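To start, the structure itself, in structure tokens.
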């Protein structure tokens, strides 16, 4: 049962990432920032959809490290975008 849920999570994530790649490229909006953000959202969604109702297996607890690194990457993307749009010469 646990292996089935693990595979369901992996297949769902791969399908989500392929769909996001297709949709973003069809909209001509494919960039690394959009892909990482949409992949993180998809990962969180897949985690919730494949969560067991009563038990919490050890492998699911380790997934939060992937969520932590994903959120860290998202924070780096946001900081990078803010630095790109901030004015160069700001005097107070």
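Could you check how many percent of all C-alpha pairs in the range 15-62 are farther apart than 15 Å? Provide the component values of the computation, followed by the final result.
Working: 580 of 1128 pairs.
Every Cα pair in the range 15-62 considered, those over 15 Å come to 51 percent.
Considering only 41, 23, 67, the mean-square fluctuation computed in a Gaussian network model of the chain, springs between alpha carbons under 10 angstrom, is largest for 23. For the chain, the Kirkwood estimate of the hydrodynamic radius, built from every pair of different alpha carbons, is 15.2 Å.
Hey, what angle do you get for helix 2-26 against the long axis of the chain, alpha-carbon based, 0 to 90 degrees rounded to 10? Once rounded, the angle reads 30 degrees. Here 32, 20 are placed in order of increasing Cβ neighbour count within 10 Å, fewest first, which gives 32, 20.
Dividing the mean sequence gap of close Cα pairs (under 8 Å, 6+ apart) by how many residues the chain holds gives a relative contact order of 31 percent.
The C-alpha atoms of the chain define a longest principal axis, and helix 32-49 lies at about 30 degrees to it.
Highest mean packing comes first when the peptides 42-53, 77-88 are listed by Cβ atoms within 10 Å, giving 42-53, 77-88.
Could you work out how far helix 58-85 tilts from the main Cα principal axis of the chain, as a 0 to 90 degree angle to the nearest 10? That helix lies at roughly 10 degrees to the long axis.
Read-outs throughout are calculated quantities, based only on the coordinates presented, and are distinct from any laboratory measurement. None of these values were measured; they are calculated from a predicted model. Cβ sites come from the backbone with ideal geometry, for glycine too, and all protein chains shown count toward neighbours.
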